[in-house]
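Reviewing the structure listed below.
The values are calculated or read from the model by the stated rules, or taken from the named source; none is laboratory data. Just so it is clear, the model here is predicted, and its values are computed rather than measured. So basically every Cβ, Gly included, is an ideal-geometry build from the backbone, and we count neighbours across all protein chains shown. Accessible surface is based on the protein model in full, side chains and every heavy atom, while ligands, DNA and RNA are left aside. Shrake-Rupley method; radii C 1.70, N 1.55, O 1.52, S 1.80 Å.
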Amino acid sequence: GKRLERPQDINSPVVVRPNYLWWGTNWHMQNPLEHLGDDCIILIELKDKNTKTGAVSSLGWAAYHMNPSTVTSHEVSIEMFLPPVNFSMLDLSFAEIFISGDIVLTV
């Protein structure tokens, strides 16, 4: 596949706790649904930046498969996989990280 949009970075969680992070941020897909194919995915990657060295590392990633003809507004919880990102979706290992949110369609 090909990337349709530039990555959107969300780099400041609203709440940080030992067992979770919470971002109160929105991500906006810029492409109209009618321009997407049935095999479209939204790739989400959770990264960590070391505050001392500035080094960035991937903690996990997830692929949300979206069919533009059937997608609706709904809540979603996705289990993430260990890096690196693997578009073949074969031989994946779970990262024991979940990401939850809401998909909201607007016109």
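Of note:
- To the nearest 10, the accessible area of Ile44 is 50 Å² with a 1.4 Å probe.
- Charge tally around Ala55: other residues with Cβ under 12 Å, Lys/Arg +1 each, Asp/Glu -1 each, net +2.
- Correct option for volume of the Cα convex hull per residue in Å³ [calculated from the coordinates] among (1) 84; (2) 180; (3) 129: (3)
- Share of carbon and sulfur in the accessible heavy-atom surface of the chain [1.4 Å probe, %]: 52
- Each residue of region 60-67 was assigned a 3J(HN,Hα) from its phi angle through the Karplus expression (A = 6.51, B = -1.76, C = 1.60, θ = phi - 60°), giving x, 8, 9, 10, 9, 7, 10, 9 Hz with x at Gly and Pro.
- Counted charge near Leu82, where neighbours are those whose Cβ lies closer than 14 Å (Asp, Glu -1; Lys, Arg +1): -4
- Accessible area of Leu46 in the full protein assembly, 1.4 Å probe (Å², nearest 10): 40
- Coil-residue trypsin sites (Lys or Arg not before Pro) of region 1-73, DSSP, other Cβ within 10 Å capped at 16: Lys2, Arg3, Lys52
- Between Asp91 and Arg3, the contour length at 0.36 nm per residue exceeds the alpha carbon distance by 29.4 nm.
- Loop-exposed chymotrypsin sites (Phe, Trp or Tyr not before Pro) per DSSP, neighbour cap 15 Cβ within 10 angstrom, longest uninterrupted part of the chain: 28-86
- Once backbone amide H atoms are built at 1.01 Å from N, Phe81 has Trp61, Ala62, Ala95 as its partners under 5 Å, excluding neighbours fewer than 5 places away on the same chain.
- GNM flexibility winner over the chain from Val14, Val71, Val85 (Cα, springs under 10 Å): Val14
- Heavy atoms of Leu21 accessible to a 1.4 Å probe, total area in Å² rounded to 10: 80
- Residue order for His35, His28 - accessible surface, 1.4 angstrom probe, largest first: His35, His28
- J(HN,Hα) series, region 68-82, from Karplus relation 6.51 cos²θ - 1.76 cosθ + 1.60, nearest Hz, glycine and proline x: x, 7, 10, 5, 9, 5, 6, 7, 9, 10, 10, 7, 8, 10, 5
- Cβ-defined net charge surrounding Asp9, 12 Å radius [Lys, Arg +1; Asp, Glu -1]: +2
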